[in-house]
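Working notes, structure below.
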Amino acid sequence: MNYSRTERRKSMAERRTSTSYTPPVIPHLAGLEKPQDQYLKMDNCDVLIIGTSLQESILAAALSWQNTSVLHIDSRPYYGDSTSTLTIEQLKKWCAEVNQGKIPHFQDAQIYIPGGKLNNQFRSKDYGIDLTPKIMFCQSDLLSLLVKSRVYRYLEFQSLSNFHVFENDDFQQKINSTSKEDIFIDKSLSLLTKRYLMKFLKFILLDSKAEYKQKVKPYKDKPIQIFLREQFKLEDPQINELVYSIGLSYKEQISTKEALIKIKRFLSSFDVYGKFPCMVSKYGGPGELAQGFCRSAAVAGTTYKLNTTLVDFDPVTKIAHFDDNSQIKINEKVVIAPTQLPKFLQSSYNQAVENLQPHYVTRLVTIVRRDCKEWMSANESLAIVVFPPHSLPTNNEYSVQVVIQNGGTGLCPEGQSIWFSQTVEQDLNRAKSDLESAYSKMEESLLRESSDNIDEILDETDFVVNAQGTPVLANSFKLGSHLQSFVPKETVEVVCKLGYVEKTYVASDLSNVFKPTSDNNIVLKDIPDAKNQIIFTNSPSSELSYDGIITDVKSIYQKITGTADDFFDVDFEDEEDEYDINNQPPIPPKRASVIGGIVGGGSGTSLAALREQHNDNDQVHENVIDSDDEMDDVQNSGDSNESSDEPFGAETMEL
């Protein structure tokens with residue numbers, strides 16, 4: 001690798017952190033903060049991992065901490081692979097390589113910079129664009145693992161509490177960031193409707209497992225709309241909010257069983273560590289987490305080398321040859337990310353995926369010179385906007401989901417924001433039209449309240465009364481009738497637009513991750529002529545959250561070691577606990593408003609509290625339906641009415 005800092009952004013080991021829990025020295029990575037050796041200086045290893053995306057990075061750390069010798073390489077000059085966070089200049093090269101067929105599983109990459117660099121002044125490395133942006137629910141197995149493995153010490157987090165839904169050509173923010181009891185803030189709701197909503201919340205969060213299953217069983221395979229109408233008398237606006245905004249569902253006809261799992265994921269994450277259900281890592285999403293796990297793996301003994309390509313592997317002699325002319329013996333397995341596929345394995349890969357169903361995710365990333373604070377909670381720097389099916393002029397069949405992050409997240413300069421939008425529409429031309437239509441609606445909405453001539457068309461219907469009784473102008477998510485019809489003359493200034501399509505073999509409902517077989521998941525496929533020594537991994541899914549990633553990694557881990565029982569079964573205490581004792585403030589009550597290091601959502605508290613909560617909570621709450629047999633045996637399923645704060649992990653997400 002060219003060991004140059006001229007283009008890349010500062011890494012987590014080079015930034016000045018604002019968190020109290022960050023260790024004095026963050027382990028450096030070869031090819032990033034420190035130079036790497038020109039040649040591989042090892043004769044053999046147990047496992048060779050090719051690709052440094054989040055899945056492969058977690059796997060490297062899990063294996064290394066069990067004393068497995070790991071060589072972890074990447075053909076590119078940066079960490080993260082398909083989950084990287086890239087600068088604008090890096091994206092230009094990435095788009096060219098995608099369109100040249102050099103990066104499998106990505107296609108149709110386009111980057112547009114209005115006015116060119118002379119008229120559109122910006123500094124490339126001030127921007128960090130996630131290739132596969134994700135949000136993290138506060139009840140998740142990945143968050144639990146970040147705490148257990150101490151990888152959280154290399155990261156900073158920010159809270160996310162604002163979720164908006166687009167209905168009837170209008171943005172509505174109906175979800176509050178206060179508490180489960182007062183989560184819906186739409187003042188147009190009747191008292192009766194609010195009672196029905198509260199009844200539904202009680203059902204999700206407080207009903208016993210037996211009561212839950214008995215109520216759901218007759219509807220589990222029926223559309224969720226039928227269940228919510230018949231059991232809770234909810235109407236379409238509330239149903240849409242629950243299914244598409246809270247549940248982040250893509251499709252219209254989602255089963256009751258699957259939709260309830262997604263809705264509960266949100267509601268059970270609310271008010272766990274603060275007055276928010278989700279968080280993101282600052283300075284980048286999955287790419288930042290991947291770096292964190294790579295650092296953990298390096299501490300445990302993993303050898304890293306970027307800009308390195310596997311050119312040949314003999315499954316008989318177990319000798320791997322690399323493009324730096326080095327060769328080593330692989331004692332156990334070779335794990336290969338699909339974006340790093342060596343040419344000599346292309347035919348084998350094609351055979352392995354021949355009967356797998358591809359799924360396409362179309363993405364549009366837009367950097368605008370607006371901070372979009374109108375869409376965010378106080379002290380936060382991001383928000384979610386969802387366009388439900390049939391809500392756009394294009395009559396979209398699937399939801400369009402947008403993550404908005406401004407300069408406070410460290411991804412762009414202050415006063416600007418990045419809009420990450422995506423859809424799972426499989427007609428790629430229609431998908432691109434849906435994304436552009438969603439962008440236009442967001443642009444119009446943002447401009448309505450900032451136009452110079454807006455005062456001329458306002459009357460009393462365009463104002464709302466705040467909590468202090470003062471009339472204030474309704475923002476773009478609470479538009480009055482006049483604002484809805486107002487068309488601004490200006491446009492949002494765009495720094496850069498990026499569009500591309502990702503192909504993955506992970507189903508959008510994650511069904512082949514939570515219930516994998518050799519027929520539906522590439523990880524479990526036997527590769528022809530490989531003598532059971534080569535494992536191909538999955539590309540990132542279309543799922544907006546990190547759900548399914550740990551389960552997917554465990555499948556790979558189990559195929560390598562024979563069991564997943566010892567996955568990260570390591571005591572990470574000792575020196576790190578001593579550091580916490582010496583540097584952290586006293587541990588507050590477990591229901592603290594915010595974790596230290598999470599910006600927004602209230603006053604800060606110590607991440608040591610999260611650590612203690614994790615240590616006290618070792619079992620995953622399973623308030624879901626797993627099978628018809630279990631449904632019939634509800635009498636033996638337990639009757640506890642207690643709510644659980646356990647991580648919302650693989651067992652809970654099982655479909």
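The values are calculated or read from the model by the stated rules, or taken from the named source; none is laboratory data. Just so you know, these numbers come straight off a predicted model, no measurement behind them. Note: ideal-geometry Cβ built from the backbone for every residue, glycine included; neighbour counts use all protein chains shown. Only protein heavy atoms, including side chains, enter the accessible area calculation; ligands, DNA and RNA are left aside. Shrake-Rupley method; radii C 1.70, N 1.55, O 1.52, S 1.80 Å.
Can you tell me which residue in segment 74-102 is surrounded by the most Cβ atoms within 10 Å (Cβ to Cβ), limited to those that are under 22 Å from the mean Cα position of the chain (by Cα) and among the β-branched types (Val, Ile, Thr)?
83
Looking at segment 217-237, which of the residues that are out of contact with any Ser or Thr (no Cβ under 6 Å at 6 or more places or on another chain) and open to solvent by less than 40 Å² (accessible area, probe 1.4 Å) is nearest to residue 193 (Cα to Cα)?
Among them, the one singled out is 234.
Scan segment 64-76 and report the pairs whose first residue is aromatic (Phe, Trp, Tyr) and whose second residue is assigned to a loop (DSSP other than H, G, I, E, B) and surrounded by fewer than 22 Cβ atoms within 10 Å (Cβ to Cβ), with Cβ atoms within less than 6 Å and a gap of 6+ or a chain change.
65/300; 65/570
Right, residue 553: modelled with pLDDT of 95 or more, of a type in the set (A, V, I, L, M, F, W, C) and within 22 Å of residue 133 (Cβ to Cβ) or not?
On the way: modelled with pLDDT of 95 or more: yes; of a type in the set (A, V, I, L, M, F, W, C): yes; within 22 Å of residue 133 (Cβ to Cβ): yes.
Yes.
Taking the options 48, 32, name whichever one is touching a residue at least 40 places away in the same chain (Cβ under 8 Å), in a loop (DSSP other than H, G, I, E, B) and surrounded by 18 or more Cβ atoms within 10 Å (Cβ to Cβ).
The conditions single out 32.
Determine, yes or no, whether residue 457 is at pLDDT 95 or above and not small (Gly, Ala, Ser).
So residue 457 fails the test.
I'm checking my understanding of the structure. Among residues of segment 238-252 that are part of a loop (DSSP other than H, G, I, E, B) and open to solvent by 10 Å² or more (accessible area, probe 1.4 Å), which one is farthest from residue 137 (Cα to Cα)?
Ranking the candidates gives 252 first.
Every residue, every condition in (1) within 21 Å of residue 250 (Cα to Cα); (2) part of a loop (DSSP other than H, G, I, E, B); (3) modelled with pLDDT of 95 or more, yes or no:
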| residue | (1), (2), (3) |
| --- | --- |
| 489 | no, yes, no |
| 492 | no, yes, no |
| 498 | no, no, yes |
| 501 | yes, no, yes |
| 508 | yes, yes, no |
| 513 | yes, no, yes |
| 516 | no, yes, yes |
| 527 | no, yes, no |
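Among residues belonging to segment 237-249 that are closer than 22 Å to residue 135 by Cβ and of a type outside the set (A, V, I, L, M), point out the one that is farthest from the chain's Cα centre (by Cα).
Within segment 237-249, the first condition is being closer than 22 Å to residue 135 by Cβ, and the residues that meet it are 240-249.
Narrowing the set further to residues that are of a type outside the set (A, V, I, L, M) leaves 240-241, 244-245, 247, 249.
On the way: 240: 22, 241: 20, 244: 16, 245: 15, 247: 14, 249: 14 Å.
My answer is 240.
Among the residues of segment 415-448, write down those that are of a type in the set (D, E, K, R) and modelled with pLDDT of 95 or more.
Selection gives 425, 427, 430, 432, 434, 436.
Go through 93, 41 for me and flag whichever is of a type in the set (D, E, K, R) and part of a loop (DSSP other than H, G, I, E, B).
One residue alone meets the criteria, 41.
Of these, 354, 332, which one is open to solvent by 10 Å² or more (accessible area, probe 1.4 Å), in contact (Cβ under 8 Å) with a residue 12 or more places away in the chain, outside any helix (DSSP H, G or I) and farther than 30 Å from residue 166 by Cα?
Just one listed residue meets the conditions, 332.
Looking at (1) open to solvent by 10 Å² or more (accessible area, probe 1.4 Å); (2) among the small types (Gly, Ala, Ser); (3) not in a loop (DSSP other than H, G, I, E, B), which one does residue 301 not meet, given that it meets all the others?
Here residue 301 clears every test but (3).
For segment 250-277, which residues satisfy the criterion of being of a type in the set (A, V, I, L, M) and within 19 Å of the chain's Cα centre (by Cα)?
Selection gives 259, 261, 263, 267, 272.
What is the number of the single condition among (1) open to solvent by less than 30 Å² (accessible area, probe 1.4 Å); (2) under 30 Å from residue 394 (Cβ atoms); (3) touching an Asp or Glu at 6+ places or on another chain (Cβ under 9 Å); (4) at pLDDT 85 or above that residue 127 does not meet?
All conditions are met except number (3).
Name every residue in segment 103-124 that is modelled with pLDDT under 95 and either surrounded by 14 or more Cβ atoms within 10 Å (Cβ to Cβ) or β-branched (Val, Ile, Thr) (or both), in order of residue number.
Answer for segment 103-124, where residues must be modelled with pLDDT under 95 and either surrounded by 14 or more Cβ atoms within 10 Å (Cβ to Cβ) or β-branched (Val, Ile, Thr) (or both): 113, 120, 122, 124.
For residues that are farther than 30 Å from residue 397 by Cβ and either in a strand (DSSP E or B) or open to solvent by less than 20 Å² (accessible area, probe 1.4 Å) (or both), tally how many sit in segment 253-298.
16
Taking the condition over 20 Å from the mean Cα position of the chain (by Cα) and at pLDDT 95 or above, does residue 70 pass?
Criteria met by residue 70.
If I filter segment 522-536 down to residues being buried (at least 17 other Cβ atoms within 10 Å of the Cβ), touching a Ser or Thr at 6+ places or on another chain (Cβ under 8 Å) and in contact (Cβ under 8 Å) with a residue 60 or more places away in the chain, which single residue comes out as farthest from residue 319 (Cα to Cα)?
Per the criteria, the residue is 522.
Looking for whichever is within 22 Å of residue 167 (Cα to Cα), out of contact with any Phe, Trp or Tyr (no Cβ under 9 Å at 6 or more places or on another chain) and either among the basic types (Lys, Arg) or open to solvent by less than 10 Å² (accessible area, probe 1.4 Å) (or both) here; the options are 446, 435. Which one fits?
435
What are the pairs, 6+ residues apart or on separate chains, where a residue within segment 201-224 that is acidic (Asp, Glu) has its Cβ under 9 Å from a residue that is open to solvent by 80 Å² or more (accessible area, probe 1.4 Å)?
Every condition considered, the pairs that remain are 207/641; 211/639; 211/641.
For the list (1) assigned to a loop (DSSP other than H, G, I, E, B); (2) more than 21 Å from the chain's Cα centre (by Cα); (3) of a type in the set (S, T, N, Q), I need the number of the one condition that residue 377 fails.
Every listed condition holds for residue 377 apart from (2).
Matching residues to (1) open to solvent by 50 Å² or more (accessible area, probe 1.4 Å); (2) under 24 Å from the mean Cα position of the chain (by Cα):
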position: 324; (1), (2): no, no
position: 327; (1), (2): yes, no
position: 346; (1), (2): yes, no
position: 349; (1), (2): no, no
position: 367; (1), (2): no, yes
position: 387; (1), (2): no, yes
position: 390; (1), (2): yes, no
position: 400; (1), (2): no, yes
position: 419; (1), (2): no, yes
